[in-house]
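Asker: Got a structure here, written out as structure tokens. Questions coming.
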Amino acid sequence: MTHKIRIESSGHEFTASENETVLAAALRQGVTLAYSCRNGDCGTCKGKILSGTVDYGKYEAKAMSEEEKRAGSALFCQALPLSDLVIEAREIRAAEGIPIRIMPCRVMKLDRLAPDVMQLSLKLAEGQRLQFLAGQYIDILLSGNQRRSFSLATAPHADELLQLHVRHVPGGLFSGQVFTKMKERDLLRFQGPYGTFFLREDSDRPAILVAGGTGFAPIKGILEHAFSVGVTRPLHLYWGARARRDLYLPDLPPAWARERANFRYTPVLSEPLPEDNWSGRGGWVHEAVIADHPDLSRHEVYASGPPPMIEALKKAVKAHGLPDDRLYYDSFEHAHASGT
Ligand code: FES
């Protein structure tokens, strides 16, 4: 049985098939709602049910509170319509019309960027190109219907090779394969692009970009895109990691900073090693952001990293004046850039 769904503000309509979530149905029919993890973890897809009923599905308590649910909220990546619906949802126009496709690709290069970070360079079949927005992610399709998500570390203008930053997770299904068995010229299949983490280009507000570990991957794509299209607004990158070796492309952000007057770079180490001789910023990356920018009321913040970093940052930036709708984040509990 299908159900009709209407978005109140735009009047856009689409239908959901049996057992299809609101988000999956929307994406299938070219309507892009805001989302990130597709897993009930991050809360990005949260909207309101104005009429009709849903099965709320499985989700983490931090993504939606009981109080929000009672007030009519639902996570559209999990919600299964049980009737026709009218909803309130954030639509992302910039990602509209970009098809989500399954594509084969070949591993062209494996570069070990750090002891536990591998850069995979992927090439599509002759004549094929992936249309995507810098900052989006793809799902690598594995046997047994398994998939692992990774952010694209490249910008669309440089799509000759698609690059992923894969962190080695002990026992990880895909990352284990990457670090032990994978060789150049191996074939993979992926589906994508996914996600609504990309630079809002209709804004001229100063942007703060915060990367944690391999959360640098989508931020790198976003910055390279911004540089290529000549974005002139201030861009300040913070890259938080434990030790110096975890800043796995150490020369790249300083080179950007030398070349671009509107770009600043602040690396932050939480546990520098004695041999690091670190005299730079220490502590947590969100603390460094707040110390430098105590009033965020005029800014936008783009953050990508592990859940504890994102949660700490969310609270800190809100307390320092950043409106909720100017925080864009990619929390990779769902394995973006660090998949297992
Ligand atoms: Fe739905 Fe993350 S909770 S996209």
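The values are calculated or read from the model by the stated rules, or taken from the named source; none is laboratory data. Everything quoted here is computed from the prediction, not taken from an experiment. For neighbour counting, all protein chains shown are included, and Cβ atoms are generated from backbone atoms with ideal geometry for every residue, glycine included. For accessibility, only protein heavy atoms count, side chains too; no ligands or nucleic acids. Shrake-Rupley method; radii C 1.70, N 1.55, O 1.52, S 1.80 Å.
Asker: Is the range 6-113 rounded, prolate or oblate when judged by the Cα gyration tensor, a ≥ b ≥ c being the square roots of its eigenvalues, rounded requiring a/c under 1.5 and prolate requiring a/b larger than b/c?
Answerer: prolate
Asker: Set Lys and Arg Cβ to +1 and Asp and Glu Cβ to -1, take the dipole of the chain about its Cα centre, and tell me which of F198, L188, S65 lies farthest positive.
Answerer: Value computed over the given set: L188.
Asker: If you average the C-alpha positions of the range 249-293 and of the range 12-32 separately, how far apart do those two centres end up, in angstrom?
Answerer: The range 249-293 and the range 12-32 have Cα centres separated by 42 Å.
Asker: Follow-up. Using unit Cβ charges (K, R positive; D, E negative) and no other charged atoms, how large, in debye to the nearest 20, is the dipole of the chain about its Cα centre?
Answerer: Computed charge dipole of the chain: roughly 540 debye.
Asker: Which order do H293, H320 take when ranked by solvent-accessible area (1.4 Å probe, heavy atoms of all protein chains), largest first?
Answerer: These residues rank, largest area first, as H320, H293.
Asker: Which number gives the lysine pairs in the range 10-139 that have C-alpha atoms under 19 Å apart and are eight or more places apart or on different chains?
Answerer: For the range 10-139, qualifying lysine pairs total 8.
Asker: Could you compute the net charge surrounding R200? Neighbours are other residues with a C-beta less than 13 Å from the C-beta of R200; K and R count +1, D and E count -1.
Answerer: Net local charge, R200 excluded: 0.
Asker: Can you list the lysines whose alpha carbon is less than 17 Å from that of K220, not counting same-chain residues fewer than 8 positions off?
Answerer: Qualifying lysines at Cα under 17 Å: none.
Asker: Can you bin the range 59-191 into rounded, prolate or oblate? Criterion: square roots of the alpha carbon gyration tensor eigenvalues sorted a ≥ b ≥ c, rounded for a/c under 1.5, prolate for a/b above b/c, oblate for the rest.
Answerer: prolate
Asker: Separate question: What's the extension gain from A125 to T15 if we count 0.36 nm per residue and subtract their Cα-Cα distance?
Answerer: 36.3 nm
Asker: Any idea what the relative contact order of the chain is, in percent, if you count C-alpha pairs under 8 Å spaced at least 6 apart?
Answerer: Averaging sequence separation for qualifying contacts and normalising by length gives 16 percent for the chain.
Asker: Tell me the relative contact order for the range 28-182 as a rounded percent, counting alpha carbon contacts under 8 Å between residues six or more apart.
Answerer: That works out to 17 percent.
Asker: For the chain, which whole-number percentage of the solvent-accessible area (1.4 Å probe, protein heavy atoms only) is attributable to carbon and sulfur atoms?
Answerer: About 49 percent, which is the carbon plus sulfur part of the accessible surface.
Asker: Continuing with this model, one more query. Output wanted: per-residue J couplings in Hz (rounded whole) for the range 255-270, from phi through Karplus 6.51 cos²θ - 1.76 cosθ + 1.60, θ = phi - 60°, x for Gly and Pro.
Answerer: Karplus-based 3J(HN,Hα) across the range 255-270 equals 5, 4, 5, 5, 8, 10, 5, 8, 10, 10, 9, 10, x, 9, 10, 8 Hz.
Asker: Quick one: 3J(HN,Hα) in Hz for the range 123-131, Karplus 6.51/-1.76/1.60 with θ = phi - 60°, rounded, Gly and Pro as x.
Answerer: 10, 7, 4, 3, x, 9, 9, 9, 7
Asker: What does the charge add up to near V107, with Lys and Arg as +1, Asp and Glu as -1, over the other residues with Cβ less than 9 Å from its Cβ?
Answerer: So the environment of V107 carries a net charge of +3.
Asker: Any number yet on Rg/Rh for the range 57-104, C-alpha, Kirkwood?
Answerer: 1.06
Asker: Here's another thing I want to ask about it. What's the percent breakdown of Cα-Cα distances in the range 125-248 across 10 Å bins, shortest bin first?
Answerer: Each 10 Å bin holds this share of Cα pairs: 12, 39, 35, 13, 2.
Asker: Taking the solvent-accessible surface of protein heavy atoms with a 1.4 Å probe, what is the per residue accessible area of the range 190-340 in Å²?
Answerer: Per residue, the range 190-340 has an accessible area of 40 Å².
Asker: Can I ask one more? Return the long-range amide H neighbours of T53 (sequence gap of 5 or more, or a different chain), with a cut-off of under 5 Å between placed amide H atoms.
Answerer: L82, S83
Asker: Under the classification rounded if a/c is under 1.5, otherwise prolate if a/b is larger than b/c and oblate if not, where does the range 155-313 fall, given a ≥ b ≥ c as square roots of the Cα gyration tensor eigenvalues?
Answerer: oblate
Asker: Of F332, G321, L50, whose Cα points farthest to the positive end of the dipole of the chain (charges on the beta-carbon: +1 Lys, Arg; -1 Asp, Glu; origin at the Cα centre)?
Answerer: F332
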